[in-house]
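Visitor: Pasting a structure below so you can have a look.
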Amino acid sequence: MLTAIAIDDEPRALEVVEVHASRVPFLDLKATFTDAFEAIPYLQQNKVDLLFLDIKMPDISGIEFINILQKAPMVVFTTAYSEYAVKGFELDAIDYLLKPFSLARFTKACNKALELSQLGKENTSDFIFLKTGYEEEKVLFDDILYIEAEGNYMSFILKNKKLLSRQNISETLSSLPANQFVRIHRSYVVAINKIQKITRQAVWIAGNEISVGASYEDKLMEIREKLKK
């Protein structure tokens, strides 16, 4: 079961999400909000797997909202403006629903979220397979130094080479063990045990300085605690 919330400044749009959600057996829509700022305490205090989020809202855009969250759930953007699609996927949304969307299209997005959620839970191995072009290459977690978003691809910086895989950062995080990797920037995920030095605004891995995003500064404390163990 996936728990979800929806944010949209238009009540009618939220009603559509509610109706569609009621038809998806593995989705539990817990709450809806017309004010994005009212959703922040809920996200901080409750487990939310999936967020349906409008992009064009009056006080804050969905894109800005994602950037201020310390820890965002999986996101499906919903909007009437197709020009936001590319920007949405750059922000690692798992899907993009163009209004008005059908139940079938809504369900497809939910299925993708469920698959990503299950992938993260089932991953108890010490490796992943990365799709690179028409091939899949086995990569040990211990060989990964850090990962950088590059457009529609993720660049995996390994001990001895670099691999490009077509996926977004949400999909990447879902495939990695949370106790070994942490996101420190909208574009970077790092291997915790490969960190050589930490300052207030950056970490160093293999001699490379990697910036810490302003909204991820709390992660530094988390990293320090994990490095002590």
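The values are calculated or read from the model by the stated rules, or taken from the named source; none is laboratory data. Since the model is a prediction, treat every value here as computed from it, not as a measurement. Backbone-built Cβ (ideal geometry, glycine too); neighbour counts: all protein chains shown.
Visitor: Which of the residues spanning segment 27-72 are among the small types (Gly, Ala, Ser) and within 18 Å of Ser170 (Cα to Cα)? Talk me through it step by step, then tell me what you get.
Guide: From segment 27-72, those among the small types (Gly, Ala, Ser) are 31, 36, 39, 61-62, 72; that's our starting set.
Selection gives Gly62, Ala72.
Visitor: Would it be correct to say that Ala206 is on the phi > 0 side of the Ramachandran plot and touching a strand residue (DSSP E or B) at 6+ places or on another chain (Cβ under 7 Å)? Walk me through it before giving the result.
Guide: Numbers: on the phi > 0 side of the Ramachandran plot: yes; touching a strand residue (DSSP E or B) at 6+ places or on another chain (Cβ under 7 Å): yes.
It is true that Ala206 is on the phi > 0 side of the Ramachandran plot and touching a strand residue (DSSP E or B) at 6+ places or on another chain (Cβ under 7 Å).
Visitor: Can you name every residue in segment 158-204 that is in a strand (DSSP E or B), of a type in the set (A, V, I, L, M, F, W, C), touching a residue at least 24 places away in the same chain (Cβ under 8 Å) and out of contact with any Lys or Arg (no Cβ under 7 Å at 6 or more places or on another chain)?
Guide: To start, the set of residues in segment 158-204 that are in a strand (DSSP E or B) comprises 158, 162-166, 181-185, 188-191, 195-198, 202-204.
Then keep just the ones that are of a type in the set (A, V, I, L, M, F, W, C); that gives 158, 163-164, 181-182, 184, 189-191, 195, 198, 202-204.
Subsequent filtering for residues that are touching a residue at least 24 places away in the same chain (Cβ under 8 Å) retains 163-164, 181-182, 184, 189-191, 195, 198.
Of everything in segment 158-204, those that are in a strand (DSSP E or B), of a type in the set (A, V, I, L, M, F, W, C), touching a residue at least 24 places away in the same chain (Cβ under 8 Å) and out of contact with any Lys or Arg (no Cβ under 7 Å at 6 or more places or on another chain) turn out to be Leu163, Leu164, Phe181, Val190, Ala191, Ile195.
Visitor: Taking Ile40 as meeting all but one of (1) out of contact with any strand residue (DSSP E or B) (no Cβ under 9 Å at 6 or more places or on another chain); (2) under 20 Å from Ala104 (Cβ atoms), write down the number of the exception.
Guide: Failing condition for Ile40: (2).
Visitor: Identify, by number, the condition in (1) at pLDDT below 85; (2) part of a helix (DSSP H, G or I) that Leu114 doesn't meet.
Guide: Of (1) at pLDDT below 85; (2) part of a helix (DSSP H, G or I), only one is false for Leu114: (1).
Visitor: Still on this structure, please answer the following. Select from segment 154-172 the residues that are closer than 17 Å to Gly207 by Cα and of a type outside the set (D, E, K, R) and write down the one among them that is farthest from the chain's Cα centre (by Cα). Write out each step before concluding.
Guide: Filtering segment 154-172 down to residues closer than 17 Å to Gly207 by Cα leaves 156-162.
From the residues that got through so far, the ones that are of a type outside the set (D, E, K, R) too are 156-158, 160.
Values: Phe156: 17, Ile157: 19, Leu158: 22, Asn160: 27 Å.
Ranking the qualifying residues of segment 154-172, first place goes to Asn160.
Visitor: Considering only residues that are touching a Pro at 6+ places or on another chain (Cβ under 8 Å) and of a type in the set (A, V, I, L, M), look in segment 43-53 and name the one that is farthest from Cys110 (Cα to Cα). Break it down stepwise before answering.
Guide: Within segment 43-53, the first condition is being touching a Pro at 6+ places or on another chain (Cβ under 8 Å), and the residues that meet it are 43, 48-51.
When the remaining residues are screened for being of a type in the set (A, V, I, L, M), the result is 43, 48, 50-51.
Values: Leu43: 19, Val48: 14, Leu50: 9, Leu51: 10 Å.
Filtering segment 43-53 for residues that are touching a Pro at 6+ places or on another chain (Cβ under 8 Å) and of a type in the set (A, V, I, L, M), the one farthest from Cys110 (Cα to Cα) comes out as Leu43.
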